[in-house]
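One structure below.
The values are calculated or read from the model by the stated rules, or taken from the named source; none is laboratory data. Predicted model, so just to flag it, every value in this text is computed and none were measured. Using ideal geometry, Cβ is built from the backbone for each residue, glycine included, and neighbour counts are taken over all protein chains shown.
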Amino acid sequence: MNIAFDTLYYANKLKQASMAAKLAEVQAEALAEIVQEKIVTKEHFDASLKDIDARFKDIDMRFEKVDMQFEKVDMQFEKVDMQFREVDAKFKELEYRLTIKLGSMMILAVSVVATLVKVL
């Protein structure tokens, strides 16, 4: 879309301000080119916003994928944590059983020694 820029009006204003006619015309044409190339119109702005929105949607989708991956990793950590708890419980049970067996062996040994002392 082109911006309406009245080069004749601008050149006449420059001439009224005592600028040479040829210089005023060249400056008006140069300014018109700059305005046509550099000024952002509402259409350009809206198109840029749509592009930015599309990029943000793409980024949001990527973040959702990463979130899903983190959820999977969290679930795996929970499974591993449960397995460690089970192993810890089994070790505690084994510790108790060994304590009971060792205590039983000590009682048996003391009984045998006491019996031998009486008999001999």
Just to check your reading of the model, which residue among LYS90, LYS38 is exposed (fewer than 10 other Cβ atoms within 10 Å of the Cβ) and not polar (S, T, N, Q)?
LYS38
Evaluate the stretch 24-33: report whether one residue or more is exposed (fewer than 10 other Cβ atoms within 10 Å of the Cβ), charged (D, E, K, R) and touching a residue at least 12 places away in the same chain (Cβ under 8 Å).
no
Kindly provide the set of residues from the stretch 2-23 that are surrounded by fewer than 12 Cβ atoms within 10 Å (Cβ to Cβ) and either touching a His at 6+ places or on another chain (Cβ under 6 Å) or not in a loop (DSSP other than H, G, I, E, B) (or both), ordered by number.
LEU8, TYR9, GLN16, ALA21, LYS22
Looking at ALA54, ALA30 in this structure, which one is part of a helix (DSSP H, G or I), of a type in the set (Gly, Ala, Ser) and assigned by TED's automatic domain parsing to the domain that holds PHE5?
ALA30
Taking only the stretch 40-78 into account, find how many residues are among the aliphatic types (A, V, I, L, M) and closer than 30 Å to PHE5 by Cβ.
4
